[in-house]
Amino acid sequence: MEVQHLLAVTGDDAEGALANATAFLDVAVERVFDYETDYRLAWDGPFPGHDAILPYAPDSERFRQAVVAMQEARDRTFRGLRDQLTGTRVRPDDLPPETVMGLPIGADRISAHNAEMAATFQSLLASETLPDESRDDHGSLTATGEVGWLLRRLGTLVEGEYCFESMFYDTVAETASPRQLYERCDRDPTHQWLVAVDLHI
């Protein structure tokens with residue numbers, strides 16, 4: 001599996017920005033991902049003609065557009081997690097044209113899964129005790145275990161921690177919110193950079 005992340009870093013130049021992004025990833029990848037993960041610069045990334053490193057100055061508009069695009073992707077992930085926990089019914093028109101492993105994504109199947117997750121979540125909320133098992137005899141997550149996994153993913157997103165679904169992360173402020181990045185851009189525009197990386201998991 002591969003995902004592209006956009007990291008906000010500071011640096012005197014592109015080389016310094018890249019060094020700071022690499023230093024962050026060398027620690028974060030090991031800390032955040034509980035499976036083997038490597039990364040490389042996203043040379044075919046969101047900055048055509050700019051390689052994988054984009055300074056705030058002189059093209060602040062492109063810089064901000066890249067951050068907004070990654071936030072929109074993260075928001076889609078948030079809505080997907082929310083929909084599973086609330087049992088949202090999905091219409092075929094709601095789905096992207098993409099496929100999973102060459103097969104179209106079925107709205108009925110997603111809706112049924114959302115309904116199962118929502119029912120399991122409501123059952124868990126009504127319970128006075130934790131369920132005995134979150135995995136079956138083969139080690140696969142049960143419906144209760146899957147709800148726990150969804151809640152963990154959702155919680156990490158809401159807290160703004162660095163995770164698989166972050167898409168954008170400000171390594172200086174240590175948050176998935178761009179607010180502090182934009183404040184730095186106003187104060188010190190020549191030292192703000194975005195570095196796009198592909199994570200391979």
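Can you pull out every residue in segment 159-201 that is surrounded by 18 or more Cβ atoms within 10 Å (Cβ to Cβ) and among the polar types (S, T, N, Q)?
The answer is Ser166, Thr171, Thr175, Gln192.
How many of the residues making up segment 124-158 are in contact with a strand residue (DSSP E or B) (Cβ under 9 Å, 6 or more places away or on another chain) and within 30 Å of Val197 (Cβ to Cβ)?
Qualifying residue count, segment 124-158: 3.
Determine which member of the set Val29, Val90 is out of contact with any helix residue (DSSP H, G or I) (no Cβ under 9 Å at 6 or more places or on another chain) and either modelled with pLDDT of 70 or more or more than 30 Å from Gly145 (Cβ to Cβ) (or both). Write out each step before concluding.
Details: Val90 fails: out of contact with any helix residue (DSSP H, G or I) (no Cβ under 9 Å at 6 or more places or on another chain).
When all the criteria are applied, what remains is Val29.
So, Tyr35, is that one in a strand (DSSP E or B) and either within 23 Å of Glu174 (Cα to Cα) or at pLDDT 90 or above (or both) or not?
Numbers: in a strand (DSSP E or B): no; either within 23 Å of Glu174 (Cα to Cα) or at pLDDT 90 or above (or both): yes.
When the stated conditions are applied, Tyr35 does not pass them.
Return a yes/no flag: does segment 163-182 have any residue that is of a type in the set (Phe, Trp, Tyr), under 24 Å from Arg31 (Cβ atoms), touching a helix residue (DSSP H, G or I) at 6+ places or on another chain (Cβ under 6 Å) and in contact (Cβ under 8 Å) with a residue 24 or more places away in the chain. Give the derivation first.
Within segment 163-182, the first condition is being of a type in the set (Phe, Trp, Tyr), and the residues that meet it are 164, 168-169, 182.
From what is left, the residues that are under 24 Å from Arg31 (Cβ atoms) are 164, 168-169.
Remaining after also requiring touching a helix residue (DSSP H, G or I) at 6+ places or on another chain (Cβ under 6 Å): 168.
Then drop every residue that is not in contact (Cβ under 8 Å) with a residue 24 or more places away in the chain, which leaves 168.
Looking for residues that are of a type in the set (Phe, Trp, Tyr), under 24 Å from Arg31 (Cβ atoms), touching a helix residue (DSSP H, G or I) at 6+ places or on another chain (Cβ under 6 Å) and in contact (Cβ under 8 Å) with a residue 24 or more places away in the chain, one finds at least one in segment 163-182, hence yes.
Report yes if some residue within segment 176-190 is at pLDDT 90 or above, touching a strand residue (DSSP E or B) at 6+ places or on another chain (Cβ under 6 Å) and assigned to a loop (DSSP other than H, G, I, E, B); otherwise report no.
yes
Filter segment 120-157 down to the residues that are among the aliphatic types (A, V, I, L, M) and either more than 11 Å from the chain's Cα centre (by Cα) or more than 30 Å from Glu72 (Cα to Cα) (or both) and list them by number. First the steps, then the outcome.
Initially, segment 120-157 is screened for residues among the aliphatic types (A, V, I, L, M), giving 124-126, 130, 141, 143, 147, 150-151, 154, 157.
Scanning segment 120-157 gives Leu124, Leu125, Ala126, Leu130, Leu141, Ala143, Val147, Leu150, Leu151.
The values are calculated or read from the model by the stated rules, or taken from the named source; none is laboratory data. No experiment lies behind these values; they were computed from the predicted model shown. Neighbour counts are summed over all protein chains in view; Cβ atoms, including those assigned to glycine, are modelled from backbone coordinates with ideal geometry.
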